[in-house]
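The values are calculated or read from the model by the stated rules, or taken from the named source; none is laboratory data. Since we're looking at a predicted model, the values are computed, not measured. Cβ sites come from the backbone with ideal geometry, for glycine too, and all protein chains shown count toward neighbours.
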Amino acid sequence: MKTIFSGVQPSGNLHIGNYIGALSQWVKLQEESEAIFCIVDLHAITVPQEPKALREKILEIAALYLAVGIDPAKAHIFIQSENSDHVKLAWVLNTITPFGQLERMTQFKEKGEKHGENVGLFDYPVLMAADILLYQTDEVPVGEDQKQHLELARDLAQKFNSRFGQVFKLPNPLISPSGTARIMSLSDPTKKMSKSDNDPLGTINLLDSEEQIREKIKKAVTDSATHISKDHGSEAISNLLTIYAAFKNQSLESSLSELEGKSYSEFKNLLADLVVSKLSSIQQKYNEIRADENSLMLVLNDGRDFAIEKSQETMKKVLDAVGLGRPIPNH
Ligand code: ATP
Ligand code: LTN
């Protein structure tokens, strides 16, 4: 069975871009793989976070994983900072990471400009490589924005293996189907929909109220045409159509055939109904999960125990290969 690993930062509100580009793929993948899903809180602090809000967000994300359909009987869910192997391996990988490769990371440049630089932000991709390599991961389901980070994880695995002997499996990115891998902001379709967007109208959050969802869709940027046509040229309309198709669980082509000829306002109403209906069922499950915090803690305990046990196997090999610490008895 393949191992898949992925994570989301508890750095803001989960939105429909995260859902379409990442979480909905995870739900499918848990059926056929050993699935490990992490809440990457150590990554989140690479930009300033308010401590109380961060703690709350960690539980919110864990509950949302379950609410969208991650099943703890099939997948493992844990909090990154509860397994210290991530930090240990990141340190070792730091020592084989070329400075220049981190300087070229677009996320570092973007986030550095926005929030101010720090060494953690610079080192973010190495910690991410450690997350992935610790679990001998085969595939990493992520949106397109993470491709560059995945390349680094592969490069570091290869470099480590050739210098110290075979320890790591080379992970492959699993980018969601084209279009869905990059949902754009509703208010500026040239920008990716993002948790850290300052414009609240650009992003539909999974926990938004019906009123908020309808307002955001109503105000979403379109183009100078008035009706849906097959040659939907603008980025704005194809983004809305992609969201429609994803929530309807059908191809873009089928959605286009269904919607051709409808006015933009008719289309927006249909889209709003669809998004409201899907998100209200996720929200209902979310509220049930939050009302039973003990069960959520048990899921996170199991996930942590599993993660520690599994990562220890890799970590032993790493320490041995590099020559750190004392010889491990019976090893
Ligand atoms: P931030 O703004 O804090 O960077 P984000 O919205 O980009 O947050 P992440 O936590 O970085 O969200 O991403 C979680 C997962 O969702 C990743 O796999 C990422 O590739 C995917 N993802 C994020 N934004 C989008 C988007 N607009 N479209 C499709 N997938 C996305
Ligand atoms: N960098 C990712 C979050 C992340 C991740 C990971 C994703 C951290 N570690 C390991 C996949 C595998 C992001 O910002 N979306």
Inset, instruction - Name the single residue, out of those in the stretch 139-157 being at pLDDT 95 or above and part of a strand (DSSP E or B), that is nearest to the chain's Cα centre (by Cα). - result: Val140
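I need the helices (runs of 4 or more DSSP H) fully contained in the stretch 38-107, keeping only those with at least 1 residues that are surrounded by fewer than 18 Cβ atoms within 10 Å (Cβ to Cβ) and among the polar types (S, T, N, Q). Break it down into steps so the answer makes sense when it comes.
Details: elements: 41-44, 51-67, 85-94, 99-103.
Ranges flagged: 85-94, 99-103.
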Legend entry - Hey, Lys216 closer than 30 Å to Gln284 by Cα, in contact (Cβ under 8 Å) with a residue 24 or more places away in the chain, within 16 Å of ligand 1 (Cβ to nearest atom) and within 20 Å of the chain's Cα centre (by Cα) or not: no
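Conditions (1) modelled with pLDDT of 95 or more; (2) surrounded by 17 or more Cβ atoms within 10 Å (Cβ to Cβ), marked per residue:
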| residue | (1), (2) |
| --- | --- |
| Asn198 | no, no |
| Lys218 | yes, no |
| Ala225 | no, no |
| Ile228 | no, yes |
| Glu253 | no, no |
| Ser277 | yes, no |
Legend entry - Hits in the stretch 23-37 (condition: of a type outside the set (Phe, Trp, Tyr) and either in contact with a strand residue (DSSP E or B) (Cβ under 6 Å, 6 or more places away or on another chain) or surrounded by 22 or more Cβ atoms within 10 Å (Cβ to Cβ) (or both)): Leu23, Gln25, Leu29, Gln30, Ser33, Glu34, Ala35, Ile36
Inset, instruction - Would you please name the residue that is farthest from the chain's Cα centre (by Cα), looking only at residues in the stretch 1-34 that are more than 12 Å from ligand 2 (Cβ to nearest atom) and of a type in the set (A, V, I, L, M)? - result: Met1
Inset, instruction - Restrict the check to the stretch 158-167 and report whether at least one residue is more than 10 Å from ligand 2 (Cβ to nearest atom), crowded, with 21+ Cβ neighbours inside 10 Å and not in a loop (DSSP other than H, G, I, E, B). - result: yes
Inset, instruction - Mind counting the residues in the stretch 132-153 that are within 12 Å of ligand 1 (Cβ to nearest atom) and of a type in the set (Asp, Glu)? - result: 2
